[in-house]
Amino acid sequence: MLPRDACPHCRRPVGLSWWNLLPSRENNRVFTCKACNGHFDLANSSKMASVIAGMAGMAVAMMYPFQWIVRAGGGTKSAVVAGIAVAATVICLAAMTAARLTLRLEARP
């Protein structure tokens, strides 16, 4: 069975980084396989899973860790900044995890 990150052209791992799994507004982005230099992108299903998980992660992050940190810090500016940093981390982790679990690559010309 092929790995999920197999190139649609040469069937070898493409060397996709976690950073590339974050949601993006760029509709015409194209990645290049490190093995064969073939072009590919994430399937729309993987992109949508990443977006939906990011939104769910945002809801959870703002309801729990952000509020806990701000309340514990007494509402100071540094507590708000720390809460935002933790919330952003939760959002990114949720989006990247969902994209990785549903990962499918499509060939691009």
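Restricting to helices (runs of 4 or more DSSP H) lying wholly in the range 38-109: which have 1 or more residues that are among the small types (G, A, S), within 26 Å of P8 (Cα to Cα) and in contact with a helix residue (DSSP H, G or I) (Cβ under 6 Å, 6 or more places away or on another chain)?
Filter on the range 38-109 gives 44-63, 77-101.
Looking at A49 and the list (1) surrounded by 16 or more Cβ atoms within 10 Å (Cβ to Cβ); (2) out of contact with any Ser or Thr (no Cβ under 6 Å at 6 or more places or on another chain); (3) hydrophobic (A, V, I, L, M, F, W, C), which single condition is not satisfied?
Failing condition for A49: (2).
Could you run through the range 6-37 and say how many residues are outside any helix (DSSP H, G or I) and either among the hydrophobic types (A, V, I, L, M, F, W, C) or surrounded by 15 or more Cβ atoms within 10 Å (Cβ to Cβ) (or both)?
So the count comes out to 16.
Are any of the residues in the range 67-79 touching a Lys or Arg at 6+ places or on another chain (Cβ under 7 Å) and either touching a residue at least 60 places away in the same chain (Cβ under 8 Å) or surrounded by fewer than 16 Cβ atoms within 10 Å (Cβ to Cβ) (or both)?
no
No value in this document is a laboratory result; all are computed from the given coordinates. Please read all numbers here as calculations on a predicted model, not as lab measurements. Please note: Cβ atoms are built from the backbone with ideal geometry, for glycine as well, and neighbour counts cover all protein chains shown.
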